[in-house]
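Please read the structure below before turning to the comments.
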Amino acid sequence: MPTTPLSVRYEDDLRLFASVWRRIGIVLLAVGVVAFPFVVDGRWVMTANFALVAVVGAVGLMILTGFTGQISLGHAAFLAIGAYTAAVTGDTFGLPFWLSIPLGGALAALVGLAVGPFALRLRGLYLAIVTLGLVFIVNHLLRAFPEVTGGLSGIRVPMLWWFDGPRVGDATWELGPLTLASREQLYFLFVLITVGVVLFATNLRRSRTGRAMNAVRDRDVAAAVMGVNVARTKLEAFGISSFIAGMAGAMFGYVQTFITIDPPFNLIMSIEYIAMIVLGGVGTVVGAVLGGLAFVAIGPIAEHLLGGLPLLSELSSSQQQRLMFAVIVGAFLLLEPLGLYGVWIRIKIYFMAWPFRY
Amino acid sequence: MDTTARSGDDQGRAPLVTFEDVTLSFEGLVAIDDVSFEVYPGQLFAIIGPNGAGKTSTFNCISGVYHPSAGRITFEGRDLLGLPPHAITELGIARTFQNVELFPMLTTLDNLLVGRHVHYRSNWLRDGIWLGRARREEVAHRGRVEEIIDFLDLESFRDKPASFLPYGVQKRIELGRALVMDPKLLLLDEPAAGMNLEETEDVARYILDVKEELGITQILVEHDMGVVMDLADEVAVLDFGRKIAQGRPAEVQSHPEVIRAYLGASTDVGGDGGAAAGGDAARTGEAAIGDTTDRVTDGGAS
């Protein structure tokens with residue numbers, strides 16, 4: 001392609017948006033993201049908020065499972081910790097969201113670092129089972145202290161701008177002809193967080209830490225002989241991953257405004273996140289983003305498509321969504337193990353080779 | 001038994017690596033039995049022996065993958081035993097593997113950059129934020145990696161995932177991954193295994209380049225006797241975990257114990273008085289060992 005400039009310095013080769021096409025793409029994406037809440041129906045803004053939560057959570061799991069190869073079924077536990085931290089700090093102590101979100105992340109990261117050492121001795125399915133246990137332990141602890149967490153009756157998750165101050169969405173913002181109500185405000189805040197998390201993960205992937213994680217995933221003995229501290233790399237992966245998952249949990253709480261323990265923070269949620277990164281493409285940040293977006297988008301689509309069919313229309317909307325998701329993920333595992341990212345690569349190669357077949 | 005004869009220019013210098021009475025055993029099996037040797041700076045030291053002689057185990061002991069049950073291994077006077085593999089690498093010991101151990105999902109470039117790992121000073125937080133220092137460091141190390149890519153003629157494979165590349169190229173990338181560490185000691189585990197004559201000659205040229213141009217001390221495990229006899233300054237021969245001979249290539253070739261280990265002896269196995277049998281075998285053995293056209297080709301695991 002003539003539009004890809006010849007790199008003459010290593011700095012140029014390392015840039016994320018080196019080619020003209022990529023720069024055009026990122027500008028279009030930015031315009032689209034900003035314009036989105038003003039052109040679609042309000043229900044879709046809400047869906048987008050859930051999608052952004054899913055993207056952040058999926059990026060978190062991608063760092064642990066996709067980059068470092070540590071299979072974790074405990075992702076829901078980290079989200080639960082983040083969500084309940086946001087709820088308790090907001091509801092009881094009146095902390096603003098910009099403190100609660102990192103606090104939720106930090107608390108989740110602490111638990112992640114406590115579980116991490118298991119990964120030093122266990123691999124694959126054994127690690128999956130240990131992390132699965134974490135979901136039950138966290139759920140049990142949340143239930144065991146109802147005076148703090150609200151127990152089975154749930155808890156409110158207020159999103160405050162300032163200490164004991166007004167809540168996000170209390171005031172509707174008027175920007176000329178545009179109106180930003182509660183969900184639009186949430187949308188733009190979440191977009192900022194998501195962009196930050198995605199950039200962080202992308203940078204990690206192309207630098208020393210990310211390469212060390214990949215090395216541990218591919219061949220851990222060779223990685224150690226290359227000078228990679230395997231134990232430390234695994235712990236870093238657990239820490240970073242659970243921090244991001246905790247942030248996603250807090251965001252999830254803010255969209256829901258009221259949360260209970262189980263559902264949603266159960267094994268199914270953990271599996272959904274694994275399915276998301278498989279659907280998107282394991283090992284890539286783009287895969288986590290695509291997988292998170294696709295997962296949430298499938299819900300309304302499934303309702304629309306399956307609603308008219310006999311038998312299937314009798315299922316609840318969440319059952320329809322799960323069925324559709326299961327079929328799609330299964331198909332991807334069989335047909336395109338690289339996920340949506342692999343599909344994107346195929347499209348790209350097709351157009352790069354056009355008008356030739358290959 | 002220990003015929004320590006070393007090239008004259010090493011006299012009076014401190015050894016880079018010492019192996020002192022090292023014994024490694026797995027349950028009942030003794031993989032390395034009381035082996036001692038010294039490697040001097042700048043030397044190309046070869047370890048040969050039949051399959052299962054303990055050659056790769058020797059490497060695994062040096063790089064910290066295995067832990068010997070007795071003895072001492074030092075590098076620049078420092079005791080290596082008890083250090084984890086990554087700490088040993090940080091001291092300046094790099095290695096390649098007998099069966100290619102590249103990171104299959106990473107590109108050639110990323111594989112080589114993993115080799116620079118120990119020279120980075122960044123951490124996960126700086127990497128994730130990617131401002132100033134992390135970026136500058138990445139550029140600097142990329143420069144060094146490109147020099148090695150140039151040295152090993154790997155330019156055209158730079159952006160290809162390692163698992164897609166031919167075996168010979170993978171072997172070369174593995175050598176490159178060890179070289180980008182700027183090691184003081186390089187452990188080469190059968191660099192010519194599975195290669196045809198032309199590829200073997202390429203490898204031999206790279207090994208000599210590493211010695212002459214980069215001045216890196218190397219320990220070479222190899223079954224291709226042509227490569228060993230032509231390149232090595234000194235050769236140690238292992239058999240069933242014991243060192244049976246050491247010396248210059250020519251001396252080792254005619255050593256009766258070595259000939260017995262490679263060709264077998266009809267009488268007196270394990271005794272020291274096999275001089276008559278050894279002398280007999282020596283004449284036939286000299287032709288076999290060290291002759292490229294009639295190689296000792298036992299390329300399996302050791």
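So here's what we get for this one:
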| quantity | calculated |
| --- | --- |
| Residue in region B:161-174 that is within 22 Å of residue A:14 (Cβ to Cβ), hydrophobic (A, V, I, L, M, F, W, C), in a loop (DSSP other than H, G, I, E, B) and in contact (Cβ under 8 Å) with a residue 40 or more places away in the chain present | no |
| Search result, residues across region B:71-94 that are over 21 Å from residue B:23 (Cβ atoms) and assigned to a helix (DSSP H, G or I) | B:86, B:87, B:89, B:90 |
| Count of region B:99-112 residues which are within 21 Å of the chain's Cα centre (by Cα), within 7 Å of another protein chain (Cβ to nearest Cβ) and free of Cβ contacts under 8 Å to residues at least 40 places away in the same chain | 0 |
| Any hit, region B:159-176, residues being under 13 Å from residue B:106 (Cβ atoms), surrounded by fewer than 16 Cβ atoms within 10 Å (Cβ to Cβ) and touching a strand residue (DSSP E or B) at 6+ places or on another chain (Cβ under 7 Å) | yes |
| All positions within region B:117-136 that are more than 15 Å from residue A:229 (Cβ to Cβ) and more than 8 Å from chain A (Cβ to nearest Cβ) | B:125, B:126, B:131, B:132, B:133, B:136 |
| Yes/no for residue A:204 being more than 30 Å from residue A:160 (Cα to Cα) and more than 8 Å from chain B (Cβ to nearest Cβ) | no |
| Pairs where the first residue, in region B:215-234, is in a loop (DSSP other than H, G, I, E, B) and the second is small (Gly, Ala, Ser) and surrounded by fewer than 23 Cβ atoms within 10 Å (Cβ to Cβ), C-beta under 7 Å, 6+ apart | B:215/B:42; B:223/B:193; B:223/B:299; B:233/B:7 |
| Residue within region B:185-197 that is assigned to a loop (DSSP other than H, G, I, E, B), of a type in the set (D, E, K, R) and within 21 Å of residue A:226 (Cα to Cα) present | yes |
| Filtered residue count, region A:211-221, keeping only those that are aliphatic (A, V, I, L, M), surrounded by 24 or more Cβ atoms within 10 Å (Cβ to Cβ) and either more than 7 Å from chain B (Cβ to nearest Cβ) or without any contact (Cβ under 8 Å) to a residue 12 or more places away in the chain (or both) | 2 |
| Residues located in region A:222-254, provided they are aliphatic (A, V, I, L, M), crowded, with 20+ Cβ neighbours inside 10 Å and more than 8 Å from chain B (Cβ to nearest Cβ) | A:237, A:244, A:245, A:247, A:248, A:250, A:251 |
| Options A:20, A:55, A:27, A:33: the member that is in contact (Cβ under 8 Å) with a residue 12 or more places away in the chain, surrounded by fewer than 18 Cβ atoms within 10 Å (Cβ to Cβ) and within 27 Å of residue A:184 (Cα to Cα) | A:33 |
| Complete set of residues in region A:293-324 that are part of a loop (DSSP other than H, G, I, E, B), free of Cβ contacts under 8 Å to residues at least 12 places away in the same chain and either surrounded by 14 or more Cβ atoms within 10 Å (Cβ to Cβ) or not hydrophobic (A, V, I, L, M, F, W, C) (or both) | A:308, A:310, A:315, A:316 |
| Output for region A:109-150, where each listed residue is in contact (Cβ under 8 Å) with a residue 40 or more places away in the chain and closer than 21 Å to residue A:257 by Cα | A:138, A:139, A:142, A:143, A:148, A:149, A:150 |
| Top-ranked residue of region A:78-134 - restricted to ones that are among the charged types (D, E, K, R) and assigned to a helix (DSSP H, G or I), ranked as modelled with the highest pLDDT | A:91 |
| Matching residues in region B:77-98 - criterion: being more than 10 Å from chain A (Cβ to nearest Cβ), surrounded by fewer than 16 Cβ atoms within 10 Å (Cβ to Cβ) and not acidic (Asp, Glu) | B:77, B:78, B:81, B:82 |
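The values are calculated or read from the model by the stated rules, or taken from the named source; none is laboratory data. Treat the numbers as computed from the prediction; the structure is a model and nothing was measured. With ideal geometry, Cβ positions are generated from the backbone for all residues, glycine too; neighbour counts draw on all protein chains shown.
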